[in-house]
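The values are calculated or read from the model by the stated rules, or taken from the named source; none is laboratory data. For clarity, every value in this text was computed on a predicted model and none was experimentally measured. Counting neighbours? That spans all protein chains shown, and the Cβs are built from the backbone with ideal geometry, glycine included.
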């Protein structure tokens, strides 16, 4: 019995040692594989970022930043061919990010890429032909600020972005969530092909406030050769007044006409039907000459839009219609 027990203990010890050695061997192999993968990935990145140098050539002590950038651009396609293609890699490599997309305080690059891919799919335009020209952080409701009259819109505070993209003489305004997982086209604010205007954002400090609580609609026109500013207001009671301001003269408001409260209500309803709220805080300016005037329209509810007085086909259809309704009201 004693000899048998000893042999059993010896066998158990042998198999225990063998198991431990095998475990160490497997662990070592896995570590080597991970390390090799890291070395391979690092070599790819280095080969994409640095120019190829012949053996025995003398390297400069310091490489200028421009040379590194040019070397990266020339080797980018080679770097792409060595990596497995992922969902957004083709878009990422097809176009360098704009200054706006590079900024850490602006639009996240992944949101810009997703918006461009959506435009490319919807309008059959190559991603490389698209450029992000403006973006601003927004807080949306459940409909991303684009409510559908036939659908219920949850009233939640949803952080996101409003993005302007241009390409092939056309401009689009998109609303997105913070990470770009949800994207919706703002058709009302977008411009058709051929328009010379690119939408931008109207800063809060450049909005002319409505100081009188009785005013429901206001238009401020300024610029032109004379450089004067004309402020036209509509009150809820139906009074249409106008005031002219120049660098040296500030006239008293003059009553142009009076309309009925029913006409005021009908006008406001027509404006709302044109989805003016979809244009809120946007500007449509054309820098063509000093003789052009710009108009900023605003409402008691806080909506504000600014545009250059140019050919109607240069502006969104909704803005054309609202301006026509306003001119008809104050001049009829």
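Would you point out which residue out of 312, 261, 253 is surrounded by fewer than 16 Cβ atoms within 10 Å (Cβ to Cβ) and under 24 Å from residue 164 (Cα atoms)? Lay out the reasoning, then the answer.
On the way: 261 fails: under 24 Å from residue 164 (Cα atoms); 253 fails: under 24 Å from residue 164 (Cα atoms).
Selected residue: 312, the only one of 312, 261, 253 that is surrounded by fewer than 16 Cβ atoms within 10 Å (Cβ to Cβ) and under 24 Å from residue 164 (Cα atoms).
Let me spell it out: the conditions are (1) in contact (Cβ under 8 Å) with a residue 40 or more places away in the chain; (2) farther than 12 Å from residue 175 by Cα; (3) crowded, with 19+ Cβ neighbours inside 10 Å, and residue 114 meets all of them except one. Which number is the exception?
(2)
Can you pull out every residue in the range 231-254 that is over 11 Å from residue 218 (Cα atoms) and in a strand (DSSP E or B)? Even if it seems obvious, please write down each step before you answer.
Applying the first criterion (over 11 Å from residue 218 (Cα atoms)) to the range 231-254 yields 236-239, 243-254.
Correct list: 239, 243, 244, 245, 250, 254.
I need the strands (runs of 3 or more DSSP E) fully contained in the range 256-332, keeping only those with at least 2 residues that are under 17 Å from residue 236 (Cβ atoms).
Details: elements: 282-284, 293-299, 304-308.
Here the list reads 293-299.
Collect the residues in the range 258-276 that are free of Cβ contacts under 8 Å to residues at least 40 places away in the same chain and closer than 16 Å to residue 321 by Cβ, keeping them in residue-number order. Write out each step before concluding.
At the first step, the residues of the range 258-276 found to be free of Cβ contacts under 8 Å to residues at least 40 places away in the same chain are 258, 260-262, 265-266, 269, 272-273.
Hits for the range 258-276 are 266, 269, 272, 273.
What's the number of the only condition in (1) more than 26 Å from the chain's Cα centre (by Cα); (2) at pLDDT 95 or above; (3) buried (at least 16 other Cβ atoms within 10 Å of the Cβ) that residue 293 fails to meet?
(2)
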